[in-house]
Structure formats: C-alpha cells, structure tokens
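Asker: This is the structure I want to talk about, given as structure tokens.
What follows draws every value from the coordinates through simple rules; no lab data is involved. Not measured: the values here are computed from a predicted model. Here Cβ is always computed from backbone atoms with ideal geometry, including for glycine, and neighbour counts include all displayed protein chains.
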Amino acid sequence: MISNQEILNANILIVDDQPTNVILLEELLQDAGYTSIASTTDPYAVSELHRNNRYDLILLDLQMPGMDGFQVMKALKEIEPDSYLPLLVITAQPSHKLQALACGARDFVAKPFDLVEVQTRIHNMLEVRLLHSKLQEHNKLLEQKVLERTKELSASEARFRRLTELSSDWYWEQDETGNFTKIFGPVLKMLGIRIDDTLGNIRDDQGAGWIDAEREMLAEKLASRQPFLDFVYSRINPDGTRHYLMVSGEPMFDASGRYTGYRGIGKDVTDTLPPVLASAQKDG
C-alpha cells in the first residue's frame, strides 16, 4: 500500500510555457501538501530534467511553441521505453485528449482548471505511479534473491559432487524404470555397463558376471524404495577374478511425492573388504 505521506513527498515536474499557469499549479500543489515540486517553461529541457530526476509525475501542457507536448512525450518515451511514463497532460482542446492518450499520456486535465478535479487526478496518478515503482523494486529484489539462491544451490551441488568424489569411486542415478540416467566416475568399466547407441540410454549389461542371488537382493532393496547403506555385492570378471562392490542409495521423489528413481554412491572394496566378510560373501 502507498501512504498519503508517500504521495505528498512524490517528485513532481510542471511543464507549461505560460508562467501564470505554472504559478497556479505550484500554489495548488503546495496548498494540498505536496513537498517536492519543480517547474520549467522550456519544453526542450524536460527530457534532461527527467533523466536526472526521474519524476513521479509530469504535468505537461500540450500547446507550447517550438516543441509541443506531443514531441515532449515522444522524447520522454525514448528515456523510458518500457516503463510507466507518469504523464498528466493539460489541454484546452478536447480533440487532443485521445491523441494524447495514444501518445503515452496516462490522464489529462482540461483548461480552465477545475481545482478539485486536478487534485483528484494528480493524487490518483501518483498512487498508481508509486505502486508501479514499488512493484518494480519488489521484482528486482525477487530476481536478485533468485540469482543468489541459484548461486548457493550451484555451489552446494559442486560441494556435494566434490565430497562424493572424495568419499566414493562413483555417483549414480536411476530413473523410475531402473535405467541409469547419470553416472560420475569409472562405473562403466567397473560394472560392465553399456550405452544404448540407438537411444543414448545408459543400461545395465545383464551378461557382466553378476551373482544372481546378490543381484536379487539389490533389486529387492531398490524395489522397496527405501534408503540402503553399504550393500556389498560382487561380479566375476572374464579372467575369473572377483570384484567386490559396495553401494549406498536413496530414493528420489518429485514435489508431488511421485517416485522418480534412485541416486547413490559406490566403491570398489575388493582390496579393503575384510577376508572373513569376503569369504562369507563368496560362500553365500
């Protein structure tokens, strides 16, 4: 909301080639309590004045020698092509009203002045202008917050990936159908995973020497859609050696709660697995 004091403190410019009209409008505004009033009888000075002061309201006479109000409006629109141009035009010609509105004026007052009407239109225009300015400021602040939050999320993701790289051999993600969608690290070679050349999907190669019982246990964990930690399973390499792998994972859900897949980390623990556990895994 805009307070009455904010309206009275608004920055106003009066443009009229007749000094008597300028004095009349200045007195009218001062009597109403407005505190920031500027004026000029030179239409050529308006653009530079507005560029330097960004007025909340410009009271603009249309009938001026040398450069009329329509030309002034055209010059002002070049300064603020996409903004709310705060123009209240003054005219004694009823035929000029529609043309003025088409050229960018927001409202108009007729000569001779009806003081109550002038005060009402000025107050209403200033309220709209100040609301528009506040909305612009709010949008800029919101945009800045979004940019800052995006940077924070990017930095957080970078830290997460770095920690993942330090604490594991690979990071993986699967969609709700079980297809791998993201992998980081030497998982392709280690797990015998191939890329479908036709669709570009990352797929699990069923002929990579996996132990069926262990694979079934892992499949059950994934099907439960529950987090799991440090599950160890193995595969037989073509040369007969056996690799032990440890994976941890958690399910992913979208904002509506729909299951979208799994993500997790994995390590090759062949050289670090305790002999007793390795023997038990092999015997199982």
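Asker: In what order do Thr150, Thr260 fall by count of nearby beta-carbon atoms within 10 Å, going from fewest to most?
Answerer: By the 10 Å Cβ count, ascending: Thr150, Thr260.
Asker: Pull up the cross-link candidates among the lysines for Lys182, meaning alpha carbon to alpha carbon under 19 Å and not fewer than 8 places away within one chain.
Answerer: Lys267
Asker: Calculate the dipole size of region 4-140 relative to its Cα centre from +1 charges on Lys and Arg beta carbons and -1 charges on Asp and Glu beta carbons; express the result in debye to the nearest 20.
Answerer: 420 debye
Asker: Report the local net charge at Leu62: Lys and Arg +1, Asp and Glu -1, summed over other residues whose C-beta lies under 12 Å from its C-beta.
Answerer: -2
Asker: Based on alpha-carbon positions alone, could you give the equivalent ellipsoid semi-axes of region 17-82 from the gyration tensor, as √(5λ), descending, whole Å?
Answerer: 21, 16, 9
Asker: Which net charge results when you count Lys and Arg as +1 and Asp and Glu as -1 among the other residues whose beta-carbon is under 12 Å from that of Val109?
Answerer: Its environment carries a net charge of -1.
Asker: What full-extension length gain, to one decimal in nm, is calculated for Gln144 and Leu101 as 0.36 nm per residue of separation minus the Cα-Cα distance?
Answerer: Between Gln144 and Leu101, full extension yields 12.0 nm more.
Asker: Right, another one. Identify all aspartates and glutamates with a Cα-Cα distance to Lys134 below 18 Å; exclude those on the same chain that are fewer than 8 residues away in sequence.
Answerer: List returned: Glu6, Asp56, Glu80, Asp82, Glu143.
Asker: Please report, in whole Å, how far the alpha carbons of region 2-150 spread along each principal axis, starting with the longest.
Answerer: Largest to smallest, the principal-axis extents are 55, 31, 26 Å.
Asker: Report the Cα centroid-to-centroid distance between region 44-119 and region 2-34 in angstrom, as an integer.
Answerer: 14 Å
Asker: Report the net charge of residues surrounding Ala45, where surrounding means a beta-carbon distance below 14 angstrom and charges are Lys +1, Arg +1, Asp -1, Glu -1.
Answerer: -4
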